[in-house]
Amino acid sequence: MQKIGVFVCWCGSNIAGTVDVEAVSEAMKSVPGVVYSANYQYMCSAAGQKLIADAIHEHHLDGIVVASCSPRMHENTFRKTAEAAGLNPYMVEIANIREQCSWIHKDKEEGTAKAIVLARTAVAKLLHNKPLQAGTSAVTKRALVIGGGIAGIQTALDVADAGYEVDIVEQRPTIGGRMAQLDKTFPTLDCSACILTPKMVEASQNEKINIISYAKVEKVDGFVGNFKATIRKKARFVDETKCTGCSLCMSKCPSKKGKDEFNMEMNNRPAIYIPFAQAIPNVAVIDPEQCLKLKTGKCGLCEKVCTAGAINYKQQDELIEREYGAIVVATGFKPIDPSPLNEYGYADNADVITSLELERLMNAAGPTKGTLLRPSDLQHPHEIVFIQCVGSRCDENTKRGKPYCSKICCMYTAKHAMLIRDKYPDTKVHVFYIDVRTPGKNFDEFYRRAVEQYGVDYIKGMVGKVAKEGDKLMVRGSDLINNQQVEIAADLVVLATAIEPDPTARSIGTMLTASMDTNDFFTEAHAKLRPVESPTAGIFLSGVAQGPKDVPETVAQASAAAAKVIGLLAKDHLVTNPCVAYSNELLCNGCSQCEKVCPYGAITYIEKEVRGPGVREVRRIAQVNPAVCQGCGACTVTCPSGAMDLKGFANKQIMAEVDAICL
Amino acid sequence: MARIKQRAIELLSDGTVMRVIGWEKGEGNCDWSPALFENAAEMENFVYGDYAGANLSKYCLKFNRQEGKTLVVLKPCDTLSFRQLLHEHRIDREKFYVIGAGCKGMKDEKGGLLKCSACKGKEFEVYDEIIDDEEAQKTTALMDRMAGVIELEKMTAQERFDFWRGELSRCIRCNACRNVCPACSCIKCVFDNPASGVQSKAPVTDFEENMFHIIRAYHVAGRCTDCGECSRVCPQNIPLHLLNRKFIKDMNELYGDYQAGVGENERTPLTSYTKEDAEPGIVYERGNA
Ligand SMILES: Cc1cc2nc3c(=O)[nH]c(=O)nc-3n(C[C@H](O)[C@H](O)[C@H](O)COP(=O)(O)OP(=O)(O)OC[C@H]3O[C@@H](n4cnc5c(N)ncnc54)[C@H](O)[C@@H]3O)c2cc1C
Ligand code: SF4
Ligand code: SF4
Ligand code: SF4
Ligand code: SF4
């Protein structure tokens, strides 16, 4: 018979407030197998741990149950305590009587009864535990960063600075992300390109950083420390090693109907193009949808003018397979399409634009060379209305937009209003807002400057309708402070549209088995304590992919993610989880059902002579690679014959737990 | 029948196959059972016709690792079970010579078989050659396969529970349903394995038979071709097919139409993951509907 000790924690009043801890430890004394039971104010404290260690020695315990908080908090603590006292760390079970009991019950009697059941259940499981030995696996000392916006660039720079190799995979022909499209940046109003492009150059010049642009990650196998990614580098029909970025081809290309994505499709670009002057890599790319040579076989002008001989119409997609120790998701965002929100008339009026379009209209490299002209007639707008929270902070039930606050819009709208008032003092600027949210260093001062110094007219209220009348846009809304309806005849209307994760985010999340929230932002392992890690080991989060944020916050988080990556890559070996699956070859049918459900590809098959009582034959048998198995248990429940089992969470253990609860 | 018999003898004689799985007459006229024939002389007892209801695909398991090829005679619906066993890597295609036998619906002493009234068609999923002695017409199903399930779905939860408790209370645990089932092909069934914890658990309460059937239904979900053998062989006339068809109907509704044992795709709806999959909450939602 095993000797089990039970240790009931009060967690101050967190548990003791709703659970009679004395009664729980008393009740445990009569549970078969339990030879010692105690309770203490803080089991995780040094004194609490000593109490456990002493009991292990004194009562020769061969397993312990700690009835305390979630195993996510202190399972490791108590495993270490047990190990130091000479027990196998896997002979420790946690009964979660805090998150799953005291915190969700008000009635002490109920709470106590449930805590007793939970502790008894843990004992029942522990009676079937077996000592387990953790193994180790090597770490590939290279990181993969998915997304080359400011987040991905910063993470890569920091990781490379620590001496590790980093690959940045960017889906567009150039790195830079959204920040490259911005004109000036709040709160300091410095030129976006002036602060971003040095970082882009730094990344391209860093020996440790390898930029794989115009590419996407197609497949990821493996696990923390040992990921294997398949990257598809799309054909750009230009040899990257030869192109000098002279852009001669662009001026000669006769096909000029491509939409300029960099300028939010407000002007056209040739079929062969470099997205913007400071693009990295500074290499042209041919848009196969627009290229006459690729579509009809006739043309080939760019090939003729290219002195570097870089054009290659036969270039194929290239598949790259590489191994990585860590993966950083930095896939960023896109503004939503406001067309479905009819009241703003975005789809019907050229002069209703989004804030990102405005950034381009104000930028010297934009479609109007930096002079603010409205799209319909290229005239100076004299009255401009900004509308905030377009598609943000919506009632989830109405399905008209995002439930969350996009966080950056208040600040960039104040920025836009101020810049316009500064450059074109004859222009009237109105801003419709629900709330102005400007926490952050120097942020509120920034907004107040817009109101007080630049005379921007802030109107608290929502816009009900934007309608074209003559060459004006009639904006009707409510002014909640003066309690009246207002109507403004505007020349230009700017929508501060909500931002949403890049459309590819969901597929990346699925590929990495990294969890996401309902809005497709990646979720962190712990909202407060592990904000840059995904719950999936080895996956880290950087930038807006995790949630809306501005550049300073993005950069801070990017560096934090880098620190975590460096911490991982600095290790030569990782301790592997010994709670992995294994198959009993005498029971295995070789039916492949487990292999089909294994999300990590840990199961393979061999033909093997099986020997057992009365059995000696060659069979097809499932085999689990313990280095790849994550112990998720999907295979064990799929296996009909019970051949597949999981160490530490054996079918028997689970059954014993269910019995302990039900009987 | 004559042509199948003659062809089988030919293949036995020229050494293409080493044995034949077929049917022979039993005690009564209508009582034909699966049988093994290893030479031309034994083939004298081979029969095929109205009473060859038994699905022979499961017997292939026995001969997969034996020397030489085995000839197996399969009706259209039996070939689905055969294909499913191929998908599960339980048998190797090259070890079998499949004669697809035309079928116009099978009978027993009481008349047409229940499973044939919901005939799944006359297409052969797998075959080496087809011999259509019976000149089977393209008969259509006599009833909607899911009609019985729909009736059950209309009941309240309590009525349904009572219905199944009533039906399953007659079960004598003869294991015939499991033993005949081509999906229930485990080398060691959990119910025969004292170490599984399931076997010892089942008999302790009056819920035993229910447990047995619920576990079995879950094990075959997604793999059951609805061959109807379980209901056919049950000496207690328990409508086991309704349990399996309920799973099939649910899967069709949640994951799109699916017939186990058809096509090249080895993945069943329950062993493949797609982004469009129903979230687990659907079970709760439907339960409340
Ligand atoms: C109108 C507007 C004005 C703004 N003004 C300011 C300002 O003044 N000051 C400020 O601090 N912030 C401002 N911001 C916010 C700023 O743009 C963001 O904080 C910043 O761009 C976030 O960087 P990121 O790298 O996380 O995302 P992104 O800039 O979106 O970069 C993500 C990158 O990942 C790539 N990518 C996405 N998916 C994949 C994939 N599957 N595979 C490969 N690559 C992929 C994308 O192509 C992109 O290059 C503004 C935003 C908007 C919309
Ligand atoms: S527990 Fe099974 S399904 Fe899960 S990772 Fe391990 S082998 Fe794969
Ligand atoms: S599901 Fe079970 S029986 Fe089938 S291959 Fe896997 S371990 Fe073997
Ligand atoms: S009941 Fe389950 S374990 Fe038993 S044979 Fe059928 S599928 Fe296999
Ligand atoms: S064949 Fe009928 S009686 Fe026999 S075990 Fe199956 S359901 Fe029970």
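The values are calculated or read from the model by the stated rules, or taken from the named source; none is laboratory data. Worth saying up front: this structure is predicted, and the values here are computed from it rather than measured. As a convention, Cβ positions derive from the backbone with ideal geometry for all residues, glycine included, and neighbour counts pool all protein chains shown. Areas reflect the complete protein model, heavy atoms only, side chains present, ligands, DNA and RNA absent. Shrake-Rupley method; radii C 1.70, N 1.55, O 1.52, S 1.80 Å.
Residue by residue, here is whether (1) more than 16 Å from ligand 3 (Cβ to nearest atom); (2) away from chain A (no Cβ under 14 Å); (3) in contact (Cβ under 8 Å) with a residue 60 or more places away in the chain; (4) out of contact with any Phe, Trp or Tyr (no Cβ under 6 Å at 6 or more places or on another chain) holds:
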| position | (1), (2), (3), (4) |
| --- | --- |
| B:CYS174 | yes, yes, yes, yes |
| B:PRO194 | yes, no, no, yes |
| B:ALA221 | no, no, no, no |
| B:LYS246 | yes, yes, yes, yes |
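Which ranges mark the strands (runs of 3 or more DSSP E) fully within segment A:552-663 that have 3 or more residues being within 11 Å of chain B (Cβ to nearest Cβ) and open to solvent by 20 Å² or more (accessible area, probe 1.4 Å)?
Once the strands (runs of 3 or more DSSP E) in segment A:552-663 are filtered for at least 3 residues that are within 11 Å of chain B (Cβ to nearest Cβ) and open to solvent by 20 Å² or more (accessible area, probe 1.4 Å), what remains is A:603-612, A:615-624.
Since A:ALA489 meets every condition but one in (1) hydrophobic (A, V, I, L, M, F, W, C); (2) assigned to a strand (DSSP E or B); (3) surrounded by 15 or more Cβ atoms within 10 Å (Cβ to Cβ), which condition does it not meet?
Of the numbered conditions (1) hydrophobic (A, V, I, L, M, F, W, C); (2) assigned to a strand (DSSP E or B); (3) surrounded by 15 or more Cβ atoms within 10 Å (Cβ to Cβ), the odd one out for A:ALA489 is (3).
For residues that are within 14 Å of chain A (Cβ to nearest Cβ) and within 30 Å of B:ARG173 (Cβ to Cβ), scanning just segment B:270-289, find the one that is least open to solvent (accessible area, probe 1.4 Å).
Once the filter is applied, the top-ranked residue is B:THR271.
Taking the condition of being in a loop (DSSP other than H, G, I, E, B), away from every other protein chain (no Cβ under 14 Å) and surrounded by fewer than 20 Cβ atoms within 10 Å (Cβ to Cβ), how many residues in segment B:79-105 meet it?
Residues meeting the conditions: 3.
Please work out which one of (1) out of contact with any Leu (no Cβ under 9 Å at 6 or more places or on another chain); (2) in a helix (DSSP H, G or I); (3) of a type in the set (D, E, K, R) is the condition A:LYS293 fails and give its number.
Evaluating A:LYS293 over (1) out of contact with any Leu (no Cβ under 9 Å at 6 or more places or on another chain); (2) in a helix (DSSP H, G or I); (3) of a type in the set (D, E, K, R) leaves (1) as the failure.
For segment A:119-229, give me every one of the strands (runs of 3 or more DSSP E) that falls completely inside it and has 1 or more residues that are farther than 30 Å from A:SER102 by Cβ, in contact with a Cys (Cβ under 6 Å, 6 or more places away or on another chain) and more than 16 Å from ligand 5 (Cβ to nearest atom).
none
When you go through A:ALA525, A:ALA505 one by one, which is the residue that is open to solvent by less than 20 Å² (accessible area, probe 1.4 Å), within 14 Å of chain B (Cβ to nearest Cβ) and away from ligand 2 (no atom under 16 Å from the Cβ)?
Result of the check over A:ALA525, A:ALA505: A:ALA505.
List the pairs whose first member sits in segment A:645-662 and is on the phi > 0 side of the Ramachandran plot, whose second member is of a type in the set (Val, Ile, Thr), and whose Cβ atoms are under 9 Å apart, counting only residues at least 6 apart or on separate chains?
Once the first residue is on the phi > 0 side of the Ramachandran plot and sits in segment A:645-662, its partners that are of a type in the set (Val, Ile, Thr) give A:GLY648/A:VAL580.
Taking B:ARG93, is it in contact with a Leu (Cβ under 8 Å, 6 or more places away or on another chain) and free of Cβ contacts under 8 Å to residues at least 12 places away in the same chain?
no
Specify which of the listed residues (B:ASN237, B:ASN210, B:ASN244) is closer than 21 Å to B:VAL149 by Cα, in contact with a Cys (Cβ under 9 Å, 6 or more places away or on another chain) and at pLDDT 80 or above.
After ruling out the rest, the residue left standing is B:ASN244.
Give, as residue ranges, the strands (runs of 3 or more DSSP E) completely inside segment A:1-109 that count at least 1 residues that are open to solvent by 10 Å² or more (accessible area, probe 1.4 Å) and among the aliphatic types (A, V, I, L, M).
Of the strands (runs of 3 or more DSSP E) lying wholly inside segment A:1-109, those with at least 1 residues that are open to solvent by 10 Å² or more (accessible area, probe 1.4 Å) and among the aliphatic types (A, V, I, L, M) span A:34-40, A:92-96.
Determine whether A:CYS635 is out of contact with any strand residue (DSSP E or B) (no Cβ under 7 Å at 6 or more places or on another chain) and within 16 Å of ligand 4 (Cβ to nearest atom).
no
I need the full set of residues from segment A:485-499 which are of a type outside the set (Val, Ile, Thr) and touching a helix residue (DSSP H, G or I) at 6+ places or on another chain (Cβ under 9 Å), in order please.
Listed by number, the residues that qualify are A:LEU492, A:LEU495, A:ALA496, A:ALA498.
Identify the single condition in (1) open to solvent by 20 Å² or more (accessible area, probe 1.4 Å); (2) within 16 Å of ligand 5 (Cβ to nearest atom); (3) of a type outside the set (Asp, Glu) that B:LEU254 does not satisfy, given that it satisfies every other one.
(2)
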